[in-house]
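Chemist: Structure incoming, see below.
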Protein chains: 2
Amino acid sequence: MAGREPTYSIGELAEDFAVTPRSLRFYEDQGLLSPARCGSSRIYSHRDRGRLALICRGKRLGFSIAEIKEFLELYEADDHQVEQMRYVATRARSRIDSLERQLADVQQTLAELRALAATVETHLQSHGVTETPDRRSP
Amino acid sequence: MAGREPTYSIGELAEDFAVTPRSLRFYEDQGLLSPARCGSSRIYSHRDRGRLALICRGKRLGFSIAEIKEFLELYEADDHQVEQMRYVATRARSRIDSLERQLADVQQTLAELRALAATVETHLQSHGVTETPDRRSP
DNA sequence: CCTTACCTTTACGTAAACGTCAACTTCGAG
DNA sequence: CTCGAAGTTGACGTTTACGTAAAGGTAAGG
């Protein structure tokens, strides 16, 4: 019953996540990944794949590499000593606080932008333009 | 009845908007501002002040200097050229879309983090620790 | 006259997150 | 054997939005 864990080359994993091999090496330099080696070639495990998924998500969220690294360590610490759990709890809470602030920021920005869009569209309407802008031949 | 328009030195304006003089010079280099000169000193008019307000707002909204420059040129060009307003509206909408995606992502992350925090705290409780962790002297 | 505060220009420095190039090595296919 | 594709490690280039001296001008106040 031994299904061997799948492994990936740098190119495969890069393509799967639509990043470049260069990025994967960079993440490794920064300590976010540490794939096994076969000779000098990198061999990525299923866990590495999971970590990369988290990295990509973090990037989508606009976090820096350093922040993402903290995240990863946070998830890693999952099955560590009880003593360290306090630290994890503290980090998680502080992370949540920061995210809540970011959430508020984004919502504020959205509000401003929607107001701007509304203003502009009102102006457009007052010029007799009500439809979604078609492109006219110039 | 001729109240002269107020003018500002670089330092005044910078302080008013909580930016550095360096930033104002930079914005000028980038063509976002072009204050009058008295000798070599910059003299900012009321209009310049208005432009700076737009610049700061653009920054808050997450636009790049280059994008803000485009907007300023649009506002400048004609107060209401329909074609140009469409462009602004399009940009705003696209930014809104992107922010809405980001919002969803952040909310998702928050949910996960809260779950993690809850898990960790449950673990801590099961070890007889119920209070918020105080910082002990090391 | 001298200091102080504020202004000027020029120009190099910084941080993030890779891109890009060079200069190999390695491996399976033909 | 040879080729090309894909891998490796440096190391320097790029972009954005300024920071940070360096070196000096100018006007007010003591």
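The values are calculated or read from the model by the stated rules, or taken from the named source; none is laboratory data. This structure is a prediction, so every number in the text was calculated from the model and none was measured. Ideal geometry is used to build each Cβ from the backbone, glycine not excepted, and the neighbour counts take in all protein chains shown. Only protein heavy atoms, including side chains, enter the accessible area calculation; ligands, DNA and RNA are left aside. Shrake-Rupley method; radii C 1.70, N 1.55, O 1.52, S 1.80 Å.
Chemist: Name, by its number, the condition in (1) open to solvent by 80 Å² or more (accessible area, probe 1.4 Å); (2) farther than 23 Å from A:Asp105 by Cβ; (3) modelled with pLDDT under 90 that does not hold for B:Arg25.
Modeler: Tallying (1) open to solvent by 80 Å² or more (accessible area, probe 1.4 Å); (2) farther than 23 Å from A:Asp105 by Cβ; (3) modelled with pLDDT under 90, B:Arg25 fails exactly one: (3).
Chemist: I'd like to check something: does region B:57-72 contain any residue that is surrounded by fewer than 17 Cβ atoms within 10 Å (Cβ to Cβ), within 14 Å of the chain's Cα centre (by Cα) and outside any helix (DSSP H, G or I)?
Modeler: Yes: region B:57-72 contains one or more residues that are surrounded by fewer than 17 Cβ atoms within 10 Å (Cβ to Cβ), within 14 Å of the chain's Cα centre (by Cα) and outside any helix (DSSP H, G or I).
Chemist: Looking at B:Leu32 and the list (1) away from every other protein chain (no Cβ under 11 Å); (2) within 11 Å of DNA strand D (Cβ to nearest atom); (3) surrounded by 17 or more Cβ atoms within 10 Å (Cβ to Cβ); (4) in a helix (DSSP H, G or I), which single condition is not satisfied?
Modeler: (4)
Chemist: Moving to a separate point now. Could you list, ordered by first residue, the pairs with Cβ atoms under 8 Å in which the first is in region A:4-22 and away from chain B (no Cβ under 14 Å) and the second is open to solvent by 70 Å² or more (accessible area, probe 1.4 Å) and more than 10 Å from DNA strand D (Cβ to nearest atom), at least 6 apart or interchain?
Modeler: Within 8 Å, the pairs are A:Glu5/A:His46; A:Pro6/A:His46; A:Thr7/A:His46; A:Tyr8/A:Asp16.
Chemist: Please state which of the following conditions A:Thr132 fails to meet, knowing it meets all the rest: (1) modelled with pLDDT under 75; (2) more than 21 Å from B:Ser94 (Cβ to Cβ).
Modeler: Unmet for A:Thr132, out of (1) modelled with pLDDT under 75; (2) more than 21 Å from B:Ser94 (Cβ to Cβ): (2).
Chemist: Follow-up question, since we're still on this one. Of the residues B:Arg49, B:Arg91, B:Arg86, B:Arg42, which single one is open to solvent by less than 70 Å² (accessible area, probe 1.4 Å), of a type in the set (D, E, K, R) and touching a helix residue (DSSP H, G or I) at 6+ places or on another chain (Cβ under 6 Å)?
Modeler: Numbers: B:Arg49 fails: touching a helix residue (DSSP H, G or I) at 6+ places or on another chain (Cβ under 6 Å); B:Arg91 fails: touching a helix residue (DSSP H, G or I) at 6+ places or on another chain (Cβ under 6 Å); B:Arg86 fails: touching a helix residue (DSSP H, G or I) at 6+ places or on another chain (Cβ under 6 Å).
Within the list B:Arg49, B:Arg91, B:Arg86, B:Arg42, the selection yields B:Arg42.
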